[in-house]
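The values are calculated or read from the model by the stated rules, or taken from the named source; none is laboratory data. These numbers were taken from a predicted model, which means no experiment stands behind them. A quick note on method: Cβ atoms are made from the backbone with ideal geometry, for glycine too, and the neighbour counts reach across all protein chains shown.
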Amino acid sequence: MLADKPKLSLSLAAAALLGGGLGATSHATAADTAATTDSPAITAPTPVPTVVTESCLAQTICAVKERIRWQTPAWTPSQCRKIADAVNASAKRHDLSPSLLLAVMVNESDMNEKAARTYTRNGKIYAKDGGLMAIRCMLDEKERCTNGNVRGVAWKDLMTPTTNIELGARELAHWREGGGVTRTTLTKLDASGHRYQVTKDVPCQHKTHGWWAHYNHGPRYIDKGYPRHYPHRIAVLDHAFATVMNTPAPELEAGRITIHDAGKRERTVDRPLEPRYKKLYEQILSSGTCSALALN
């Protein structure tokens, strides 16, 4: 998390996170416990049936960048086209919605390709978050990442916008396809027929949250406090982008987005609640509309 806002992404338990082989995410400390005898199956991702046209995506990116940038330079049309090409390419490669990639980008860096945050221990920098997608990098002495899906990537390369977008898309696909886990208690029989229990991590089915929550939370979804609604905050930005670009966002229709607040109205993708997300939602919607191109 790069801006001074009440966001969590990439800022919790850095050392613990990276020991688990993860990329641009924070690690949850809460464990879910359930009784089952079989590992849950992973639901196959819903294919994304359209790709946004280059002109539509570039137009939207430039318009939104102009509305949300703060003390950072505007992007030229050629820069917007380059970012649009990278978003479309990574979205197609990992079967993701371009609108979801843009939603994460806005949330993590306010579309600031130079955004960076450092973490120190005993006066020495040991990790950095950086770029459009706020990628976490645990550094070795040669300024290369040592963690998870970005292992071996040089920090300077990670900060290249097109590379950063691809790494963020790779992380999202990782969590969608089984990277998230749930801690489960299983009952087994020993050789003498006595029952005993073992605890293990099984693939998360994302029943109470959008799978993109793990981009922020790490393997286990944080179901307590402010963090539990991270997937809703991404969802409203995703919905806004999908609306102005007239493109599907199948992930928003796949099930529960976030945990319900007791006694309150259910959160929906078209109703941002926190002030920052209300503002961003309106800024995106005011950027104009365009159309999408169907794939054959």
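What the table below lists for this structure:
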item	result
Any hit, the stretch 213-221, residues being in a strand (DSSP E or B), under 27 Å from ASN149 (Cβ atoms) and of a type in the set (S, T, N, Q)	no
Hits in the stretch 133-148 - residues which are in contact with a Gly (Cβ under 7 Å, 6 or more places away or on another chain) and assigned to a loop (DSSP other than H, G, I, E, B)	MET133, ASN147
Residue satisfying all of: in the stretch 72-94; part of a loop (DSSP other than H, G, I, E, B) and not hydroxyl-bearing (Ser, Thr, Tyr); surrounded by the most Cβ atoms within 10 Å (Cβ to Cβ) among these	TRP75
Residue in the stretch 149-171 that is in contact with a helix residue (DSSP H, G or I) (Cβ under 6 Å, 6 or more places away or on another chain) and not in a helix (DSSP H, G or I) present	no
Verdict on PRO275 being at pLDDT below 95, closer than 28 Å to TRP70 by Cβ and either under 16 Å from the mean Cα position of the chain (by Cα) or surrounded by fewer than 14 Cβ atoms within 10 Å (Cβ to Cβ) (or both)	no
Qualifying residue in the stretch 84-95 (condition: polar (S, T, N, Q) and touching a residue at least 60 places away in the same chain (Cβ under 8 Å))	yes
The stretch 207-231, residues that are surrounded by fewer than 24 Cβ atoms within 10 Å (Cβ to Cβ) and without any contact (Cβ under 8 Å) to a residue 60 or more places away in the chain	LYS207, THR208, GLY225, ARG228, HIS229
Qualifying residue in the stretch 108-115 (condition: within 20 Å of the chain's Cα centre (by Cα), assigned to a helix (DSSP H, G or I) and within 28 Å of LYS279 (Cβ to Cβ))	yes
Where a residue in the stretch 149-167 is on the phi > 0 side of the Ramachandran plot and its partner, wherever it lies, is surrounded by 19 or more Cβ atoms within 10 Å (Cβ to Cβ) and among the basic types (Lys, Arg), with Cβ under 7 Å and at least six apart	none
From the options LEU101, LEU139, residue that is touching a helix residue (DSSP H, G or I) at 6+ places or on another chain (Cβ under 9 Å), buried (at least 16 other Cβ atoms within 10 Å of the Cβ) and closer than 29 Å to VAL269 by Cα	LEU101
Residues satisfying the stated conditions in the stretch 134-148, i.e. free of Cβ contacts under 8 Å to residues at least 24 places away in the same chain and among the aliphatic types (A, V, I, L, M)	LEU139
Top-ranked residue in the stretch 174-199 [being crowded, with 19+ Cβ neighbours inside 10 Å and part of a helix (DSSP H, G or I); ranked as modelled with the lowest pLDDT]	GLY179
Count of the stretch 147-159 residues which are of a type in the set (Val, Ile, Thr) and surrounded by fewer than 16 Cβ atoms within 10 Å (Cβ to Cβ)	0
